[in-house]
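These notes concern the structure reproduced below.
The values are calculated or read from the model by the stated rules, or taken from the named source; none is laboratory data. Quantities reported herein were computed from a predicted structural model and do not represent experimental measurements. All Cβ positions, glycine included, derive from the backbone under ideal geometry; neighbour counts span all protein chains shown.
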Amino acid sequence: MPTAQNGVRASSLGVRWIKSRHSNAEGNCVEVAGLGDGSIAMRNSRDPDGPALVYTPAEITAFLAGAKEGEFDHLV
């Protein structure tokens, strides 16, 4: 399977998007989807046809570890 590129139209990926159960009802959510090549795509739920950002498993692992350790808490 070809690798998806950053900025690809999210709706063109043909994947099932998921969001956290902690997301609010207004739809202001980050959604993620696993891609066939092992990479992970992210999109803004307010713009389902907008661009998707595509990350490697290692990049997502590092991001999630940082989030769990509070590295981004100062941003919210």
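Out of the residues in segment 46-59 that are aliphatic (A, V, I, L, M) and surrounded by 15 or more Cβ atoms within 10 Å (Cβ to Cβ), which is nearest to ALA4 (Cα to Cα)? It would help to see each step written out before you state the result.
Initial filter on segment 46-59 (aliphatic (A, V, I, L, M)): 52-54, 58.
Add one more test, that the residue is surrounded by 15 or more Cβ atoms within 10 Å (Cβ to Cβ), and what stays is 52-54.
Working: ALA52: 9, LEU53: 9, VAL54: 7 Å.
Looking at residues that are aliphatic (A, V, I, L, M) and surrounded by 15 or more Cβ atoms within 10 Å (Cβ to Cβ), I get VAL54.
Out of contact with any strand residue (DSSP E or B) (no Cβ under 6 Å at 6 or more places or on another chain) and either within 17 Å of PHE63 (Cα to Cα) or part of a strand (DSSP E or B) (or both): does that describe GLY38? Talk me through it step by step, then tell me what you get.
Details: out of contact with any strand residue (DSSP E or B) (no Cβ under 6 Å at 6 or more places or on another chain): yes; either within 17 Å of PHE63 (Cα to Cα) or part of a strand (DSSP E or B) (or both): yes.
When the stated conditions are applied, GLY38 passes them.
Considering segment 11-28 alone, what residues qualify as being modelled with pLDDT of 90 or more, surrounded by 11 or more Cβ atoms within 10 Å (Cβ to Cβ) and in a loop (DSSP other than H, G, I, E, B)?
VAL15, TRP17
What number goes with the only condition from (1) part of a loop (DSSP other than H, G, I, E, B); (2) surrounded by 11 or more Cβ atoms within 10 Å (Cβ to Cβ) that ARG43 does not pass?
ARG43 satisfies every listed condition except (1).
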